[in-house]
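Undergrad: First the structure, which I've put down as structure tokens, then a few questions once you've had a look.
The values are calculated or read from the model by the stated rules, or taken from the named source; none is laboratory data. Because the structure is predicted, anything quoted here is derived from the model rather than measured. Counting neighbours? That spans all protein chains shown, and the Cβs are built from the backbone with ideal geometry, glycine included.
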Amino acid sequence: MPNEVTAKLVSTFEHIWRNRMADVPILNPNLSVQAVGFRMTDGRWTGVLITPWFMNLLLLPADGELPASTPGDPVLVNLPGGEMPFLLANEPGIGEYAMCSLFSPVMEFADMDAAVATAEAVLALMFPATTPEETVSAEPVAMSRRRLFGFSR
């Protein structure tokens, strides 16, 4: 992800943290705001955003558009590792984006290293390295947060 886009994303959520979330009791004091592993997928930047109150898989428009959805209704997005439910959102500073909640709140993380390692593991599942033969013959996999974190097959 270009540095300016990453910087804008992190700056926006740091501002939210310091202002709108300042006194909210669900904040994990061991975490900060970090964008992890963003990559271009179907004209959108896709990666994980870690904050002291959530960890979300995000889609940010670049050359492509966000999936169409009614505000508040989830839309299923097919990623290389499976289909995931996203909600559309809009935040001054970054505009429209789509989010898929992975953890909220994020109290189970002892520190940023643990949170980043989890984000990287999620991204490895959602964007598995494949050979050309696997790509051609791969069947779509129905993904859910439960399946993503190993609670069901």
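Undergrad: Kindly establish whether Ile50 is β-branched (Val, Ile, Thr) and surrounded by 16 or more Cβ atoms within 10 Å (Cβ to Cβ).
TA: Yes, satisfied.
Undergrad: Do you know which of the residues in segment 53-107 that are in contact with a Lys or Arg (Cβ under 7 Å, 6 or more places away or on another chain) and not aliphatic (A, V, I, L, M) is surrounded by the most Cβ atoms within 10 Å (Cβ to Cβ)?
TA: The qualifying residue surrounded by the most Cβ atoms within 10 Å (Cβ to Cβ) is Pro61.
Undergrad: Let me ask something additional. Of everything in segment 37-82, what is over 25 Å from Glu108 (Cα atoms), in contact with a Leu (Cβ under 6 Å, 6 or more places away or on another chain) and part of a strand (DSSP E or B)? Give them in sequence order.
TA: Within segment 37-82, Arg44, Trp45 meet the criteria.
Undergrad: Right, here's the next one. Cβ-Cβ under 6 Å, sequence separation 6+ or interchain: first residue in segment 58-83 and closer than 17 Å to Gly37 by Cα, partner of a type in the set (Val, Ile, Thr). Which pairs?
TA: Leu59/Thr46
Here is a yes/no grid of residues against (1) modelled with pLDDT of 95 or more; (2) assigned to a helix (DSSP H, G or I):
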| site | (1), (2) |
| --- | --- |
| Leu102 | yes, no |
| Ala119 | yes, yes |
| Thr130 | no, no |
| Val136 | no, yes |
| Glu139 | no, no |
| Ser152 | no, no |
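Undergrad: Something else: Quick one: would you say Asp23 is within 17 Å of Met99 (Cβ to Cβ) and either at pLDDT below 90 or surrounded by fewer than 16 Cβ atoms within 10 Å (Cβ to Cβ) (or both)?
TA: No, not satisfied.
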